[in-house]
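Undergrad: I have a structure here, written as structure tokens, and I will follow up with some questions on it.
The values are calculated or read from the model by the stated rules, or taken from the named source; none is laboratory data. These figures come from a predicted structure and were not determined experimentally. Positions of Cβ are backbone-derived with ideal geometry, glycine not excepted, and every protein chain shown enters the neighbour counts.
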Amino acid sequence: MIDLRSDTVTKPTAEMRQAMASAEVGDDVYGDDPTVRALEEMTASLLGTEDAVFMVSGTMTNQVALRVHTEAGDEILADQLAHIAVLERGAPAALSGLTVRALPGRSGVFSAADVAAAIRQPLPFVPLVQPPQKLVCLENTHNVGGGTIWPLSAIEAVAEVARRHHLAVHLDGARLWNAAIATGVAEAAYAKPFDSISVCFSKGLGAPMGSALAGSKAFVRRARRFKALFGGGVRQAGIVAAGALHALRYHRERLAEDHANARRLAEGLTDVRGVVIDAATVATNIVRFRLERLSSADFVQQCFAAGVYLLPSGGDGVRAVLHRDISAADVDVALSRIASVLKRAA
């Protein structure tokens with residue numbers, strides 16, 4: 001089976017397993033797990049922030065960030081297809097009592113003008129009956145957008161508008177490592193305009209679990225409170241933090257291989273009858289394409305039977321994600337199997 005569902009399906013390497021088995025641990029709830037602290041310090045250093053806090057998942061880091069920045073009843077601004085808005089099980093409303101104002105992003109990227117248009121201006125003699133706006137959220141790279149990379153200039157322009165209107169800015173950087181490798185822009189440069197940054201270790205970097213939330217010391221101190229409140233207190237967390245630390249040290253540079261394999265897949269799909277794809281839009285490790293004849297549900301089921309595991313995305317859309325457990329040879333086999341499925345459906 002060639003598993004292209006997500007870059008979360010990777011298995012720990014032998015070296016990562018050894019690092020986890022030999023990790024020095026303490027009690028992270030009491031703040032004395034040395035491996036967790038080493039991971040947090042390295043993450044903060046790479047992002048250019050004062051501190052960071054390790055958590056079990058990217059949904060938790062995103063949702064803790066929202067809770068720190070807001071109060072119940074507030075509104076946040078995010079792309080209409082942002083992970084925070086559509087793929088975290090309604091957590092903004094359920095956990096923090098927030099509403100999401102959807103911005104009209106293009107492949108996940110919205111403009112400073114979009115933000116300015118969405119910000120409500122108080123009018124004299126008119127009571128404010130709409131929710132207070134507190135936070136703008138960006139996602140880089142953008143999952144549903146197809147692994148889209150935000151240009152740094154666009155990030156800076158959005159952040160400038162947000163600050164002018166006294167809104168904080170949060171980055172869902174689950175795949176920020178991919179953006180940095182693809183562009184050569186350092187993670188710290190991408191992170192600089194933000195008040196908080198979430199990064200993931202279990203996607204492209206291949207750790208078995210974990211994300212981190214970074215920001216100022218005051219922000220992270222408050223984030224630790226909500227980490228525990230949301231049930232994120234893990235005792236000897238250094239065992240899993242060691243896997244993330246190993247990934248951060250040794251797996252970042254090789255993300256370029258995943259990007260090359262994604263381009264290989266996309267370019268190969270352009271020659272497959274029944275597939276609609278613009279290979280030029282593939283920027284990192286996510287490939288999204290549409291089908292001309294089959295529904296995505298039928299196609300994905302038939303591909304699974306043929307030995308390729310994909311995810312449907314809407315009625316005719318399909319997502320494939322390249323990762324460290326997929327080689328160029330695997331891509332070629334996947335292309336052959338996909339072509340066979342569509343040939344039979346013709």
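Undergrad: Scan GLY268, GLY210 and give me the residue that is at pLDDT 95 or above, small (Gly, Ala, Ser) and closer than 24 Å to MET55 by Cβ.
TA: Only one candidate passes the filter, namely GLY210.
Undergrad: Within segment 288-339, track down each residue that is touching a helix residue (DSSP H, G or I) at 6+ places or on another chain (Cβ under 7 Å), exposed (fewer than 15 other Cβ atoms within 10 Å of the Cβ) and not hydrophobic (A, V, I, L, M, F, W, C).
TA: Across segment 288-339, the qualifying residues are ARG293, GLY307, GLY314, GLY315.
Undergrad: When you scan segment 99-117, do you find a residue that is within 17 Å of GLU139 (Cα to Cα), in contact (Cβ under 8 Å) with a residue 60 or more places away in the chain and surrounded by fewer than 21 Cβ atoms within 10 Å (Cβ to Cβ), even just one?
TA: For segment 99-117, residues within 17 Å of GLU139 (Cα to Cα), in contact (Cβ under 8 Å) with a residue 60 or more places away in the chain and surrounded by fewer than 21 Cβ atoms within 10 Å (Cβ to Cβ): present.
Undergrad: Another question about this same structure. Working only within segment 161-216, note down all residues that are basic (Lys, Arg) and surrounded by fewer than 23 Cβ atoms within 10 Å (Cβ to Cβ).
TA: Result: ARG163, ARG164, LYS192.
Undergrad: Might you check whether a residue that is assigned to a loop (DSSP other than H, G, I, E, B) and of a type in the set (Val, Ile, Thr) occurs anywhere in segment 190-198?
TA: No, there is no match, as no residue in segment 190-198 is assigned to a loop (DSSP other than H, G, I, E, B) and of a type in the set (Val, Ile, Thr).
Undergrad: Report yes if VAL158 is at pLDDT 95 or above and of a type in the set (Val, Ile, Thr), otherwise no. Let's see the steps before the verdict.
TA: Working: at pLDDT 95 or above: yes; of a type in the set (Val, Ile, Thr): yes.
Here the answer is yes, as VAL158 does meet what is asked.
Undergrad: Also, quick follow-up: Name the residues in segment 286-301 that are in contact (Cβ under 8 Å) with a residue 60 or more places away in the chain and out of contact with any strand residue (DSSP E or B) (no Cβ under 9 Å at 6 or more places or on another chain), would you? Spell out the reasoning first.
TA: Kept after step one, since they are in contact (Cβ under 8 Å) with a residue 60 or more places away in the chain, are these residues of segment 286-301: 286-288.
Of everything in segment 286-301, nothing turns out to be in contact (Cβ under 8 Å) with a residue 60 or more places away in the chain and out of contact with any strand residue (DSSP E or B) (no Cβ under 9 Å at 6 or more places or on another chain).
Undergrad: Let me ask something else. Find all pairs meeting these conditions: Cβ atoms under 6 angstrom apart; at least six residues apart or on different chains; first residue within segment 221-250 and assigned by TED's automatic domain parsing to the domain that holds GLN18 and assigned to a helix (DSSP H, G or I); second residue of a type in the set (Lys, Arg) and at pLDDT 95 or above.
TA: Correct list of pairs: PHE226/ARG67.
Undergrad: Mind telling me which of the residues VAL136, VAL158 ends up being assigned to a strand (DSSP E or B), at negative phi and buried (at least 16 other Cβ atoms within 10 Å of the Cβ)?
TA: VAL136
Undergrad: Only residues that are buried (at least 21 other Cβ atoms within 10 Å of the Cβ) and either touching a strand residue (DSSP E or B) at 6+ places or on another chain (Cβ under 6 Å) or more than 15 Å from SER107 (Cα to Cα) (or both): list them for segment 142-155, please.
TA: Those that are buried (at least 21 other Cβ atoms within 10 Å of the Cβ) and either touching a strand residue (DSSP E or B) at 6+ places or on another chain (Cβ under 6 Å) or more than 15 Å from SER107 (Cα to Cα) (or both): HIS142, GLY146, GLY147, THR148, TRP150.
Undergrad: Of everything in segment 277-332, what is closer than 26 Å to ASN140 by Cβ and of a type in the set (Val, Ile, Thr)? Give them in sequence order.
TA: Selection gives ILE277, THR281, VAL282, THR284, ILE286, VAL287, VAL318, VAL321, ILE326, VAL331.
Undergrad: State the number of residues belonging to segment 251-288 that are of a type outside the set (A, V, I, L, M), closer than 23 Å to ALA345 by Cβ and in a loop (DSSP other than H, G, I, E, B).
TA: Of the residues in that region, 5 qualify.
Undergrad: Restricting to segment 198-247, name every residue that is in contact with a helix residue (DSSP H, G or I) (Cβ under 6 Å, 6 or more places away or on another chain) and among the hydroxyl-bearing types (Ser, Thr, Tyr).
TA: Hits for segment 198-247 are SER198, SER211.
Undergrad: Inside segment 161-189, can you point out the residues that are of a type in the set (D, E, K, R), touching a Leu at 6+ places or on another chain (Cβ under 8 Å) and part of a helix (DSSP H, G or I)?
TA: Within segment 161-189, just GLU187 meets the criteria.
Undergrad: Looking at THR43, THR70, THR35, which is the one that is out of contact with any Asp or Glu (no Cβ under 7 Å at 6 or more places or on another chain) and farther than 17 Å from LEU205 by Cα?
TA: Checking each option against the conditions leaves just THR70.
Undergrad: With respect to GLU267, is the statement that it is of a type in the set (Asp, Glu) and touching a residue at least 60 places away in the same chain (Cβ under 8 Å) true?
TA: No; evaluated as a whole, the condition is false for this residue.
Undergrad: Tell me the residue from VAL100, VAL126, VAL136, VAL115 that is over 27 Å from ARG319 (Cβ atoms) and either modelled with pLDDT of 95 or more or not aliphatic (A, V, I, L, M) (or both), please.
TA: Residue meeting the stated conditions: VAL115.
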